[in-house]
Amino acid sequence: MSPAPALVIRGGAVVDATGRRNADVAVRNGVVTAVEPSIDAGEGVRVLDASGCIVAPGLVDLHTHLREPGREEAETVETGSRAAALGGYTAVVAMPNTEPAIDCAAVASQVLALGRGAMCDVAVAGAISVGRAGLQLSPMAELAELGVRLFTDDGAGVQDSRLMRRAMEYSLSLGVTLAQHCEDAALAAGGHMNEGAWSSRLGIPGIPAEAEELMVMRDITLCRLTGAPIHFLHLSTAGSVAMVGAAKAQGLPVTAEAAPHHFTLTDAEAQTFDPVFKVNPPLRGDGDVRAVRRGLADGSIDAIATDHAPHGQEAKEAPWDEAPPGMLGLETALALAITELDVPIETVLALMSWQPASIAGLRPRHGGPIVAGSPANLVVLDPAERWVVDAAASASLSRNNPYAGRTLSGRVRHTILAGEPVVVGGEAQR
Amino acid sequence: MKHLLSIEDLGRGGIEEVLRLTDKFVEVSERAIPKVPALRGKTVVSLFYEDSTRTRLSFETAAKRLSADTMTFSVSSSSVNKGESLRDTVETIEAMGIDAVVVRHRSAGVPWRIAEWIDASVINGGDGWHQHPTQALLDCYTIRSRFAAARDPGGGPAFGGLRIAIVGDIKHSRVARSDVQAFAALGAEVVLVAPPTLLPPSLEGWPVTVAPDLDEVLGSLDVVYLLRLQRERMTEALIPSLREYRTRYGLTAGRVGRLRSDALVMHPGPMNRGVEIDAEVADDPRSVITAQVSNGVAVRMAVLFLLLGSGSEIVSTPLDRPVPVAVGDLA
């Protein structure tokens, strides 16, 4: 007989990588203590209603820009993690393109320290090169020592093929994974949206799909050469999805993610000239959106990652080609996946919880099966609830939300971090 | 009509309305005192974030001939150099009490953003590579004034059957984007002549054909419209050299002989004599480049009047001899 629980999640359907069953979940001291058809809550036990809901391992975001240090007017670890918790995430990977970049133990330690006590677990990705300048390898072992499991120069791709090869070879000795922002800088130079019919008509300089695809192709080739695993960030083109699918079929250790905006929005949005729709990689065409959706459904793409990229209002009130790229994502990603992807909820959760948790090296703390003894990092979501996105209501410090006013299905009801209900009834608890 | 942002917004009917009204203002411009009181008490601001001589002066002249007050905002002497944002600048200017703002900016779409932020009318004076609607309107007016009489006794635009080639750097040209839409809307056949590096990456939905060789099409044209070739295109590896460009696409003295005697040579200015057009060709009787500039003032008067004039406003009244004419009489 286990000790009395502190918390019971009652009446939901538990869904994890092992399947689905209707069960109550008891939690105590940050750990799941029981998963049974019916659990009695005694005196003083908190009960969270999960009727009509799915109880799943907490979501994991492989791609979050928390902006701290350096751009605290746009987001902080505290505000970004609150937005994450509201979006159902129990862990996020903070991208290293901060100012200064997370390219050494000192900066990584600072962000990790800010993440302690945040509303979700905060892992950090380290930079591949010093200052993300693409010239010299960052001290990867020193960063791995702190628990860093992903390395990327995100915001830019590693242009120098030799440096990328060396980084991949070096990563093998550390058991870490390199993640690439695939963009050939010379081919993309000066571009501010997808190159195609819309860019031609609007007179906005374009970024061709091939700028991404060239680097996907190169890194698959380097993966074959070195044997080192590679993760592809925010795939946006049909060609990229096809190449990654083919590399997997050959048994190469490649993984990939896609962002919600790349399966929900197209480059036609640029005709508004509102930079809320400016992002990098850019919104692409219909065929690319369809390919990303197919890739998510057929396993070519392993994870949905937000690329949550907060920017202050004044930055986005600039002319299109002067505004920085990026859009918010943490609070809408789950609902967009449920609303827009034609896949079962189990697939959505695989793409947003246990598969990204594996890529980020965060299992078993995140993404694992919900059984007695597992860490109580959980999300309770109502897949049928419809809601209207209110940009002003976001927990983020920024408001660059391209979905404002949209009606979506699927909403987070509760988020439990290490046994603590940090979101209850859709409200942040701290 | 509240704003003039693109030729697309105007459509064929809107273009024809502007052209008809322009006839009246051409007449005003030819008077001894080329000024009417139509926009007395209105304030028109030129907000130019990019260098411009002819467009800015043309708009200011047009506004003055309509008796509007004018203000000029040029970036070099403004708070923009102190880091003021576009929105703050625009809202500050609006707070002074203005009726219209003519915007020129190096980035596509800026006039659309401004139109969302302020209540005044916004006129696109050229945004990036995107649109330059008043240039297209003055080009249409210039073509119409040369061909309409011969082809359409009714005085309509009558571009049906006209074959117009736009030659040169289409990719980076807001003039080309507006002209293609305007010429095609009025029924002309539009041919783009350029090396593939100077064409937009996609021509999907463009009502045009493409000819790689200028010499092949030259004899069949009613209008050859030359675009300015900016010198930096060489460093961007878009063309090997100005010399090679001139050899293949320049309207040289040698080449102009193939052009029909009644064809028109046009250019939006400023010209690079010796690159896209030879000096003697610019001064050829077929060249209407100067007429484009003078028509520009009348076209912009028509645009300002359409946006700011009240329905029954007087337009053909000399200041010294008031005879009211209603707008309805102009159509």
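Some points to look at:
- Calculated FRET value between A:Ala106 and A:Asp40, using beta carbons and R₀ = 45 Å, to 0.05: 0.35
- With the charge dipole of chain A set up from +1 on Lys and Arg Cβ and -1 on Asp and Glu Cβ about the Cα centre, the Cα lying farthest toward the positive end among the listed residues A:Gly368, A:Val35, A:Ile345 is that of A:Val35.
- Global geometry of the protein assembly as shown, whether rounded, prolate or oblate, following the gyration tensor of its Cα atoms and the 1.5 cut on a/c: prolate
- Relative to the longest principal axis of the Cα atoms of chain A, helix A:238-249 runs at roughly 70 degrees.
- Fewest-first sequence of B:Leu198, B:Leu242 by Cβ atoms within 10 Å of each Cβ: B:Leu242, B:Leu198
- Counting every pair of alpha carbons in segment B:134-289, the share spaced more than 18 Å apart comes to 55 percent.
- If R0 equals 30 Å, the separation of the Cβ atoms of B:Ser294 and B:Gln230 corresponds to a calculated FRET efficiency of about 0.75.
- Rounded to the nearest 10 degrees, the inclination of helix B:174-185 to the longest alpha-carbon principal axis of chain B is 90 degrees.
- If you take the Cα centroid of segment A:210-228 and the Cα centroid of segment A:11-33, the two points sit 40 Å apart.
- Dividing the summed -39500 (n - 2.57) terms of all DSSP H runs of n ≥ 4 by the residue count of chain B sets its mean residue ellipticity at 222 nm at -11500 deg cm²/dmol.
- Dipole size of chain B about its Cα centre, with +1 on Lys/Arg Cβ and -1 on Asp/Glu Cβ: approximately 460 debye, rounded to the nearest 20.
- Between helix A:77-86 and chain A: long-axis angle, C-alpha atoms, 0 to 90°, nearest 10: 60 degrees
- Per-residue ellipticity at 222 nm from helix content only, as computed over chain A with -39500 (n - 2.57) for each DSSP H run of at least four residues, stands at -7500 deg cm²/dmol.
- GNM top mover of A:Trp198, A:Trp387, A:Trp354 - chain A, alpha-carbon springs below 10 Å: A:Trp387
- Rounded to the nearest 20 debye, the dipole magnitude of segment B:134-289 is 160 debye, with +1 charges on Lys and Arg beta carbons, -1 on Asp and Glu beta carbons, and the Cα centre as origin.
- The convex hull drawn around the Cα atoms of segment A:1-115, when projected onto a plane and averaged over every direction, covers 9.4 nm².
- Chain A: most fluctuating residue of A:Met243, A:Met95, A:Met352 per GNM, C-alpha cutoff 10 Å: A:Met243
- Here's the picture: charge each Lys and Arg Cβ at +1 and each Asp and Glu Cβ at -1 in chain B, and of B:Ala176, B:Trp129, B:Val297 the one pushed furthest to the positive end of that dipole is B:Val297.
- Residue of A:Ala305, A:Ala106, A:Ala357 that the Gaussian network model of chain A assigns the largest fluctuation, springs spanning Cα pairs under 10 Å: A:Ala106
- Label-to-label distance for B:Asp284 and B:Met271 is 1.1 nm, based on points extended 7 Å past Cα in the beta-carbon direction.
- Percent breakdown of C-alpha pair distances by 10 Å bin, ordered from the shortest bin, for chain A: 5, 23, 33, 26, 10, 2, 0
- Taking the fewest neighbouring Cβ atoms within 10 Å as the starting point, the ordered list for A:Asp49, A:Asp307 is A:Asp49, A:Asp307.
- Annotation: for a label point projected 7 angstrom from Cα along Cα→Cβ of A:Glu145, residues of segment A:99-115 with backbone N closer than 15 Å are A:103-110.
- Which of B:His130, A:His308 has the fewest Cβ neighbours within 10 Å, and the rest in rising order: B:His130, A:His308
- Note on chain A: with charges restricted to the Cβ of Lys and Arg (+1) and Asp and Glu (-1), its dipole about the Cα centre is near 820 debye.
- Calculated FRET efficiency, A:Leu137 to A:Gln429, Cβ-Cβ distance, R0 = 56 Å: about 0.85 to the nearest 0.05.
- Positive-end extreme of charge dipole, segment A:1-108 - chosen from A:Gly19, A:Val45, A:Ala84 (charges on Cβ): A:Gly19
- Above-threshold pairs, the threshold being 30 Å between Cα atoms, out of A:Lys278/B:Lys64; A:Lys316/B:Lys64; A:Lys316/B:Lys42; B:Lys2/B:Lys64; A:Lys278/B:Lys171: A:Lys278/B:Lys64; A:Lys316/B:Lys64; A:Lys316/B:Lys42
Rule-based calculations on the coordinates, nothing more; no lab input. Bear in mind the structure is a predicted one, so any value in this text is a computation, not a measurement. Reconstructed Cβ throughout: ideal geometry from the backbone, glycine too, with neighbour counts over all protein chains shown.
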